[in-house]
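Data first, discussion second: the structure below is written as structure tokens.
Only the coordinates and a few stated rules stand behind these numbers; no lab work does. Predicted model only: the values in this text are computed from it and were never measured. Virtual Cβ from ideal backbone geometry, glycine too; neighbours counted across all protein chains shown.
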Amino acid sequence: MSIIVKDGNSADKYYQTIEEGNTTNPFQSVVPDYKLAHAQNAIFESFGDTVSIWEKGKVLVKFGRNEDLDTGVRETIWETGGIETLKTANDIDIVVSTDAGDTQEIVIEGHTISGSDLTFVIQTLTLNGTTNVSLTTPLARVSRLYNNDSTDFAGDVTVEDNGTSVHITVRGTNGLNQSEKCATSLSSSDYWIITGIAAGVTGSVSATVKFELQVKEAGKVWRTQYAFNSSTYTEVKGDEYIIVKPNSDVRIVGTSGTNNTEAIAAIRGYLAIIT
């Protein structure tokens, strides 16, 4: 909650507390991490938006895996492989499995689009094996899919547009029940303050991969915001945080120097809502 006090000039000053107090348990004030507080101030100074991490109350972690990077070919770190073609309309409309026995309840997270504005949507559906199931709300972005049932996936589950291009994959044949897609999008009301990046090479192939954190603002091209090489596993924690604006797309891509390289990556940070 917030409290208001008057300073010596009778001007209102606002303070935030973590709970309501009493005589035996007084108010406790929030002392924010300096870098997060600085990031919120930088958003206001740079873009004119007042934001709150506290009011949003959400940590966002995106992680992914690509099992087959080849020499000199840049790909997103996700199970589908290659580079996703982003949609400009709500064309992503079906989910389907490669195994007829998959009838689990699933949850899909993504965004619809209207003009350049993205809106976050969560929907729950029931698979029908190898028969296409229509999404309740067609999407322009899909960021996460997970099994919300008590039985493991037997096949690979994909979300597609018009039965053509794939926008997320869960490798049930690898024993997974959760998508691993190191890419996401932000709604029109949220900033993402990225506080950490991690990536590396897994499996038996010895290789070095160039990883790039890329951001695409609405109506613009992809731009690399941070890049590093890794042959094992590298965790990046810079003194400065990376701020991503609303309606942006974010991803980590990798380029290997060796064929058949398996790579993983993750991005983590705090969402801040425009108040």
### Query
Computed from these coordinates, which is Cα extents along the principal axes in Å: [x] 69, 42, 41; [y] 56, 44, 34; [z] 57, 50, 34?
[x]
### Message
Rounding to the nearest 10 and keeping the result within 0 to 90°, find how far the Cα-based axis of helix 34-47 lies from the longest principal axis of the chain.
### Response
90 degrees
#### Entry: Debye-sum result for the stretch 92-174 in log10 I(q)/I(0), which assumes one identical scatterer on each alpha carbon, at q = 0.14, 0.15, 0.22, 0.27 Å⁻¹
-0.41, -0.47, -0.97, -1.41
### Query
With charges only on Cβ, +1 for K and R and -1 for D and E, what is the dipole size of the stretch 172-275 about its Cα centre, in debye, rounded to 20?
200 debye
### Query
Fewest first, what order do Y34, Y233, Y191 take by the number of other Cβ atoms within 10 Å?
Y34, Y233, Y191
### Query
Want the number for R268 to H38: 0.36 nm per residue separation, take away the alpha-carbon distance, what's left?
81.0 nm
### Summary
HN-Hα couplings for the stretch 218-231 via Karplus (6.51, -1.76, 1.60; θ = phi - 60°), in whole Hz with x for Gly/Pro, come out as 3, x, 10, 9, 5, 10, 7, 9, 7, 9, 7, 9, 8, 10
### Query
Roughly how many debye, to the nearest 20, is the charge dipole of the chain about its Cα centre, given +1 on each Lys and Arg Cβ, -1 on each Asp and Glu Cβ, and no other charges?
700 debye
### Query
Summing -39500 (n - 2.57) over the DSSP H runs of n ≥ 4 in the chain and dividing by its residue number, what mean residue ellipticity at 222 nm do you reach, to the nearest 500 deg cm²/dmol?
-2000 deg cm²/dmol
## Note on the structure
Correct semi-axes for the stretch 177-270, from √(5λ) of the alpha-carbon gyration tensor and rounded to whole Å with the largest first, are 25, 14, 13
### Query
What is the spin-label model distance, in nm, from A11 to E55 if the labels are put 7 Å beyond Cα along the C-beta direction?
2.1 nm
